[in-house]
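**Student:** After the structure tokens below, expect a handful of questions from me.
The values are calculated or read from the model by the stated rules, or taken from the named source; none is laboratory data. In this text the structure is predicted, and so the values were computed from the model without any measurement. Virtual Cβ from ideal backbone geometry, glycine too; neighbours counted across all protein chains shown. Heavy atoms of the whole protein, side chains included, go into the accessibility calculation; ligands, DNA and RNA do not. Shrake-Rupley method; radii C 1.70, N 1.55, O 1.52, S 1.80 Å.
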Amino acid sequence: MPWRGTQIMLVTLMLLFLASCIAVATDLIAPLQGWGIALTPLSAGFAGMICFIGFVVTRYAAVQFRDEQDSGKFWRRLVSTIAAILLTAIADHFLLFWLGWVAVSLTLHRLLVFYPERPRALLAAHKKFIFARIAETLLGATLLSLYVVYDIQAISELSQITEHNVSNWLALLLVTVAAMKCAQLPVHGWLLQVVEAPTPVSALLHAGIINLGGYLLLQFAPMLTPAEGARWLLAIVAGLSMLVAASVTMTRISVKVRLAWSTVAQMALMLVEISLGFYALAALHLLAHSCYKAYSFLSAGSVVEQGERQQFAQLTLPRVRALLLGTVLAFALVVLAAWLFTTQLYFAPWLAVGMALALWLASEVDYFGRRHSLRTAAIAAFWLGLYVAGAWLFKWLLPTPQSGQYLLGIDLWVCAVLLGIAAVYLWLLYRPRRALGHRLFIALNAGLYLDEWATRFSLRVWPLRLPLSSPSTVAKEGDQA
């Protein structure tokens, strides 16, 4: 499909995006039951985001594939993938939702193998294909069970399930499907290796497809809220994935691979927020991460220039004194914000915000000096207020079930994971030459060798015959990586 042939599709995407924004702003959204779709605040917002990202990605691809020999094939696959994501976003009927979910995976697979002469790309797509079929089977079994047991056939009817008759087993299946879709450990390896796909494909994958697992749990929140066992499973799997992925990200040099590990960690954090019952915060995280990650992949080519600018500015690690001062300022602001705006106190989300603010404040104080601490604290207070306002706005726009009783165990577990990430981060930065730091760096750089298990499992379940790499193929792979 030539670029001119995609203009109609782009205009359609933007019109749907504007319609979604108007529907959310005017609060005039009602399920369109006759066609099996529902334009709710969540589905409209997600569809609008996909439209915007799809528009940006296609504009970028128009330049990159201008002289590509198989550009028509690429455009057909790309448009089909975006259409499948939009169908999944607005689907209300179980069958339509499942068909859209399957269509996203199948059309994405054709994009991942766009260069069939690359063995590593084929192996990664093969592993993803197997895990996707497992997840789709589990999702289909869950939706069919909901129809048989509760006599409901649409997402909008989930509110009929009361807290006393919810099935923990179905909630566990949903959590499993979401974790596999979000590339959580130990089925994460394919996401790290499909970076050999064209850059627009990577941007669309990390911004609009990998987060479908979180969107699934947000849509089925009435089932997840009273199921404490499923929330515990989600917190454990996502917490471990966040700890490992965030730690490995610090050791990677390749830009795209580091971004892929970052996506695993961010998806894990979003799932942790869902396990705590912070559905509006998870929706805000989903939106912010999608826009940021699309920008990161599309601007990956300018990373070298950014590194040279940092080297020219002589940016170094914050000194310990600056780090301590930044920590004190950050947690003073966080405690004040939690006291002013929080009615049901969970420690983990505020701890995460405090850690992020502390690192930023430490670098600012160390660079500008302690005499500018007040100015830096004022800027941090502004960003913290913006964060609280965004979370409140999403909570108002997304009427979701109450998170139920306070789960102290999950809260403490997530706090321990966050503190573990901070400990690894500080040790690798400030004690890299110690024996423990050296061994830790080597193990994390290899991803703790977890993907080898998934690769052996995939090839044992479904053997794959890979083409032999020629020197020209290897050179081309190196240029694209």
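**Student:** Which ones in the stretch 251-260 are in a helix (DSSP H, G or I) and of a type in the set (A, V, I, L, M, F, W, C)?
**Tutor:** Passing the criteria: V255, V257, L259, A260.
**Student:** Taking the stretch 228-250 only, how many residues are more than 18 Å from M180 (Cβ to Cβ) and either outside any helix (DSSP H, G or I) or among the aliphatic types (A, V, I, L, M) (or both)?
**Tutor:** 4
**Student:** If I filter the stretch 40-53 for residues that are assigned to a helix (DSSP H, G or I), within 26 Å of L192 (Cα to Cα), touching a Ser or Thr at 6+ places or on another chain (Cβ under 9 Å) and of a type in the set (S, T, N, Q), do I get at least one hit?
**Tutor:** Within the stretch 40-53, none of the residues are assigned to a helix (DSSP H, G or I), within 26 Å of L192 (Cα to Cα), touching a Ser or Thr at 6+ places or on another chain (Cβ under 9 Å) and of a type in the set (S, T, N, Q).
**Student:** Does R118 count as touching a Leu at 6+ places or on another chain (Cβ under 6 Å) and under 30 Å from V461 (Cβ atoms)?
**Tutor:** Here the answer is no, as R118 does not meet what is asked.
**Student:** I've got another one for you. Within the group I130, I152, which residue is open to solvent by less than 50 Å² (accessible area, probe 1.4 Å) and either in a helix (DSSP H, G or I) or under 17 Å from A103 (Cβ atoms) (or both)?
**Tutor:** None of the other options fit; the residue is I130.
**Student:** Could you pull out the residue among L112, L87 that is open to solvent by 30 Å² or more (accessible area, probe 1.4 Å) and either modelled with pLDDT of 85 or more or aromatic (F, W, Y) (or both)?
**Tutor:** Of L112, L87, the one residue that is open to solvent by 30 Å² or more (accessible area, probe 1.4 Å) and either modelled with pLDDT of 85 or more or aromatic (F, W, Y) (or both) is L87.
**Student:** May I pose another question? For the condition within 23 Å of L158 (Cβ to Cβ) and either at pLDDT below 90 or crowded, with 20+ Cβ neighbours inside 10 Å (or both), what is the one hit in S43, S71?
**Tutor:** Answer to the selection: S43.
**Student:** Filter the stretch 61-81 down to the residues that are of a type outside the set (A, V, I, L, M, F, W, C) and assigned to a helix (DSSP H, G or I) and list them by number.
**Tutor:** If the condition is that a residue be of a type outside the set (A, V, I, L, M, F, W, C) and assigned to a helix (DSSP H, G or I), then Q64, S71, G72, K73, R76, R77, S80, T81 are the ones that fit.
**Student:** Within the group A221, A245, A230, which residue is buried (at least 24 other Cβ atoms within 10 Å of the Cβ), closer than 24 Å to V102 by Cβ and modelled with pLDDT under 95?
**Tutor:** After ruling out the rest, the residue left standing is A230.
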